[in-house]
Amino acid sequence: MPVIALVGNKGGAGKTTLSVNIAAGIARDRRTAVLDADPQGSSLQWRAFTEDENALDVYEANGDLSDQIQDLRQQYDCLVIDCPPSVHAPQTHTVLRSCDLALIPVQPSPVDLWATVHTERAIEQAREVNPHLRAILVLNQLESRTTLSRLVREAAEEIDLPVAKTGIRRRAIYRASALEGKSVFDLGKRGADAADELKNLLEEVMN
Amino acid sequence: MSTKDKTRSKLMESMRKTKASANSTSETKSTKAAASSKPAASAPKKAPARKPAPRPAAGSGNYSSRGMVQGDSYQAGRRIWPD
C-alpha cells in the first residue's frame, strides 16, 4: 500500500498543510494515517486541535523511523509522511528510502524553485537504494493574478522531475481549517473548492 | 520587453545558474568520494593509539564527562570542552 511523503528543502512550502489534507482526502475510502517526521510537530499539533474522535491518526516519529514506516504500512492502507524542511535531514533521508511517492510542494517563488533543485539531487540519490521511488512536483499556493504564479510551471519544468498538472491555489480556508483541527474535506461548502482541487491532484498522482 | 518577459527571463536564468551550480557541487563531491575510495598503495596502516579520555578537572562538577554522555549527540557535538 502506498507510502506518500511530502518532501522539500524549504520551510513554508505547504508540506504539513498538504500532508494533513491529502491524508484526509485519501481517508475518505482507505484507512490512512499521518506520520509526523518533522521535529516541529505541526501535524501532531493540528491533530491536537481536533475534537472529532474519528479524525485521522497522526503518529509522532520515534525510534527507528524505517521500522516505524514498515509497521504503519502494515496497519493502514495508506501512510502520509510529513518530512522536515530539509532534504539533508536524517528523517528525510530515511523516508525517501522507504516511501513509494514523494510529493514536493513548490511555491511560485524563486527561492522555492532554487531549493527544489537540491531536492531533485536527493531524489536521485534515494533512487540508488529505492529505484521505484516516484517523485512529483506540486505547484502550491498559486495566485492567479501574479506573474510568478503564471511562470512557475515553466520554471519548474527546468527541474528533471514531473510537475503535477493540478496546481493548488492559495486559499484562506487552509489556514482556517488548521485552526479548527479539520481538513478542507470536513468543512462542507466552505472547503468544497479546495477539496475538489485536492481530489483532482490525488486522482492524478495516485494512478 | 514587458515586465512579465523580464521576470521570465530573470527567473529562467536563475534556474539555469542554480542547476549548473548544483551539478558542479555534486561533481566535486563525487570526485572527492572517488579519490577517497581508492585503495591505499602502501601497507595497511596500524590504527592510531587511542588517546586517553579527558578526565574532568577537580571541582568542575558542571562539566563532568558523565553529563556529556547523557546529553544527546547534537548537544555533545556542539559543546566546547574547557581544556
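Take the residues in region A:122-141 that are surrounded by fewer than 18 Cβ atoms within 10 Å (Cβ to Cβ) and within 16 Å of the chain's Cα centre (by Cα); name whichever of them is nearest to A:LEU18 (Cα to Cα). Steps first, answer last, please.
At the first step, the residues of region A:122-141 found to be surrounded by fewer than 18 Cβ atoms within 10 Å (Cβ to Cβ) are A:124-125, A:127-132, A:134, A:136.
Narrowing the set further to residues that are within 16 Å of the chain's Cα centre (by Cα) leaves A:134, A:136.
Working: A:ARG134: 17, A:ILE136: 13 Å.
Out of the qualifying residues, it is A:ILE136.
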- Message: Every residue in region B:1-18 that is at the interface with another protein chain (Cβ under 9 Å from one of its Cβ atoms) and not charged (D, E, K, R), please.
- Response: B:THR3, B:THR7, B:LEU11, B:MET12, B:SER14, B:MET15, B:THR18
- Message: Pairs please, first residue from region A:97-124 and within 11 Å of chain B (Cβ to nearest Cβ), second anywhere and basic (Lys, Arg), Cβ atoms under 6 Å, 6+ apart in sequence or on different chains.
- Response: A:ALA115/A:LYS10; A:VAL117/B:LYS19
- Task: Please work out if A:LEU133 is under 26 Å from A:ALA24 (Cα atoms), at pLDDT below 90 and away from chain B (no Cβ under 14 Å).
- Result: no
- Within region A:161-207, the residues that are more than 19 Å from A:GLY8 (Cβ to Cβ) and among the hydroxyl-bearing types (Ser, Thr, Tyr) are A:SER177, A:SER183
- Residue within region A:135-149 that is farther than 28 Å from A:ALA89 by Cβ, in a helix (DSSP H, G or I), in contact with a Pro (Cβ under 7 Å, 6 or more places away or on another chain) and touching a residue at least 24 places away in the same chain (Cβ under 8 Å) present: yes
- Which of the residues belonging to region A:152-207 are crowded, with 19+ Cβ neighbours inside 10 Å and without any contact (Cβ under 8 Å) to a residue 12 or more places away in the chain? none
- Message: Can you name every one of the helices (runs of 4 or more DSSP H) wholly within region A:1-95 that holds 2 or more residues which are surrounded by 23 or more Cβ atoms within 10 Å (Cβ to Cβ) and hydrophobic (A, V, I, L, M, F, W, C)?
- Response: A:15-26
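The values are calculated or read from the model by the stated rules, or taken from the named source; none is laboratory data. Quick caveat: nothing in here was measured; it's all calculated off a predicted structure. Cβ sites come from the backbone with ideal geometry, for glycine too, and all protein chains shown count toward neighbours.
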